[in-house]
Structure formats: structure tokens, C-alpha cells
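Just so it is clear, none of the values below were taken in a lab; they were calculated from the coordinates. Computed from a prediction, not measured in an experiment: that's the story for all the values here. Positions of Cβ are backbone-derived with ideal geometry, glycine not excepted, and every protein chain shown enters the neighbour counts.
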Amino acid sequence: MTIKKIAVLTSGGDSQGMNAAVRAVVRSGLYYGLEVYGIQRGYQGLLNDDIFSMDLRSVGDIIQRGGTVLQSARCKEFMTPEGQQKGADILRKRGIDGLVVIGGDGSYHGANKLSKLGINTMALPGTIDNDISFTDFTIGFDTSVSIVVDAINKLRDTMSSHERSSIVEVMGRHCGDIALYAGLASGAETIIVPEVPFDMDEIAERMKQNFAHGKRHSIVVVAEGAGNGENVAKQLVERCETLEPRVTVLGHIQRGGTPTPADRNLASRLGDFAVRMLIAGESAKACGIISNELVLTDIDKVVNSKKEFNMELYELAARLSQ
């Protein structure tokens, strides 16, 4: 089948670099002589037939912007077989031959459903959590880690001044990569993630010993999926009142801001790759990057696999925190 018209949508939680990916899809599509369409508000916009033609001007001056110019929305209707069929029918009515979906796990599931209904699909990993399997990194992850590291650097200054402990709660319900990478990069004493069991008695004792040996502060980074920052602080105080932990919940600030060059480049490479693969006849694939090489993996395989946690990096962080 010859691809003539493609569409792109962003779905689920936004991540920095989504705009760069949209830009790459549009400009690459136009370069190869395709008609390119944007879908507003993800799968909800698809069901509302909120689809418009995109040209070079549509993606001008967006590569440096966070969020998504296509906007995003949750859509319960699309979770149903009827909703999925409606979406496929709308794409066919529009004559759209290929769809590029940019988002996280839920977005991948939607792309997978559409592919099984005969729609040529490509999925790009747009999520700060880095929880998509078969790719080393996701679009937005590097920027989010940079935001967390910057916050920890600032917290370290004030914690040192008052000789206190800081508990920093970061995003990551099922994947602790933000906590891991940010914790390692900022020299955190303790990193708590959902993938690794932890002993609060051991953590408290290590923090007490650090202060006893003259350390002026202590940083604990906890992924939200492993525990609530306030609960972690409470448990530490129960074991040692002198720790005086202060809790900072970074929340949605981790999704905002201009994307780093690494995220812009990753998004640009993946967006162009998705278009070229659709033209080459590929479908029902997830685009990723492994060892700096762009790769394709069956979406069905990706959505049924869990991202492998980097224990080697976790153990490195533990060794260096002593």
C-alpha cells in the first residue's frame, strides 16, 4: 500500500519534546510528499473528528517549547471496542493511510488496538517516566531528570545551612528511573524506587551515621510509586527525631519547561524515523532507541512487556553514596 496521508496525535500525560516530535513528523512527511494532518486532544479529538491539515508553518517555532501544541486529553470512550472502531472508521473516512501516536503506555495500547483494526500505526515513546520497554530512553525523560537535579541542587544549599535531611518525592508510579538517574546525578544518599525493596530502619541508621561522621545534610529521593514523601519523613522521625527531614514534592513541574537538546534530538530522530518506516510499509510498530540505534519493535510486544530496571546503575548509586 502506498502511503499518501498521515496523521499525528499526542496522548496521555504531556512530556517535554513532544512538540519536537510533532515537528519532525510533519516536516518529514511533507519532505516525502505526503499530506500531513494533526489531531487535537489525542484519541478524544480523533473521536470528535477534530482533524486539520498541517504545513510547515503549523510547526514553526515549536521545537523549543514544552507541552504539546496538539494538546492531550484522556478518553474513556476510546477504551471501548466501539470507540476504537469509531476511531478507525474516522481515519478511513478521511483517507488517512498512517497514524503516528506520541505518548506513554496508555497511548501505546490505543495505537495497538487501531493497528488490529487495520490502521497503519507507529508509536513514539513520549513520557517523562521512561517506563516504555524496548527503548533506552523516552522523549521527555532527560528534561525531567534535569529539572529534578536542579531542584535537588537548590535544596542541598538550604539543607546544608540548617543541617537537615531533605526528602524529595518525584514522579514514577511504576518505574523509578527519574529517581534513579536524578539521584545518581545529584549524589543523593538514598534512592527509593518501586522496583527494589527497601528497609527504613537501615536507611535511618545510615543517615544517623552520616550525620555522626560530620555530614551536614542528607538527600533522599523517593519515586511516588515506592512511597509518599510525607510518610517516608514520618517513618524516619519515628526512628530518629534528630534527622529533621523536610519534604519537597516536585509534582507536575517535572513535566514543564523547555526540552533539553538531548530530548529535542531524540524526538526529531524518532519522528522522522516513524514517517520513513510508514512509507517503507511498516505498521503496528513502536519506535525506540537502543545503544543509540533507532529500532522497531511490535507494539503488541511492547505493551505486554515491563521495562527492565537498571540494577547496575542502582548499585552504582548505592556504592557512591557511602
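Give me the dipole magnitude in Debye, nearest 20, for the chain about the Cα centre, with unit charges on the beta carbon: positive for Lys and Arg, negative for Asp and Glu.
Details: 35 positive and 40 negative charges, 200 e Å.
In total the dipole reaches around 960 debye.
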Which of Lys76, Lys307 comes first, and how do the rest follow, when ranked by fewest Cβ neighbours within 10 Å? Lys76, Lys307
Could you sort out which of Lys5/Lys306; Lys215/Lys307; Lys116/Lys306; Lys285/Lys307 sit more than 28 Å apart by Cα distance in this structure? Lys5/Lys306; Lys215/Lys307
For Lys4, the lysines lying under 18 Å Cα to Cα, once residues fewer than eight places off in the same chain are dropped, come out as Lys93
Label points 7 Å out from Cα along the Cβ direction at Phe198 and His213: separation in nm? 1.9 nm
Ranked on Cβ counts within 10 Å of their own Cβ, fewest leading, Ser144, Ser291 go Ser291, Ser144
Run the quick spin-label model on Ile253 and Lys4: label points 7 Å from Cα toward the beta carbon, then report their separation in nm to one decimal. 5.1 nm
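If you stretched the chain out fully between Glu205 and Glu244, how much longer would it get, using 0.36 nm times the residue separation minus the C-alpha to C-alpha distance?
Values: separation 39, 0.36 × 39 = 14.04 nm, distance 1.40 nm.
Taking Glu205 through Glu244 to full extension adds about 12.6 nm, to one decimal.
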Cβ-based net charge around Met18, under 12 Å, with every Lys or Arg adding one and every Asp or Glu removing one: +2
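Provide the gained length on full extension for the span Asp55 to His174, in nm with one decimal, where the gain is 0.36 nm per separating residue minus the Cα-Cα distance.
39.1 nm
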Contact order normalised by length for the chain, with contacts defined as Cα pairs under 8 Å and 6 or more residues apart; what percent is it? 23 percent
I'd like the distance between the alpha-carbon centres of the stretch 1-44 and the stretch 100-152, rounded to an integer number of Å. 14 Å
Which residue, Ala233, Ala212, Ala182, has the most motion in a Gaussian network model of the chain that connects Cα atoms within less than 10 Å? Ala212
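Pairs of Cα atoms under 8 Å, at least six residues apart: use those to get the relative contact order of the stretch 144-255, whole percent. Intermediate values should be presented prior to the final figure.
Values: 200 pairs, mean separation 44.6, N = 112.
Result for the stretch 144-255 is 40 percent.
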Distance between Cα centroids, the stretch 263-322 to the stretch 236-260: provide it in whole Å. 28 Å
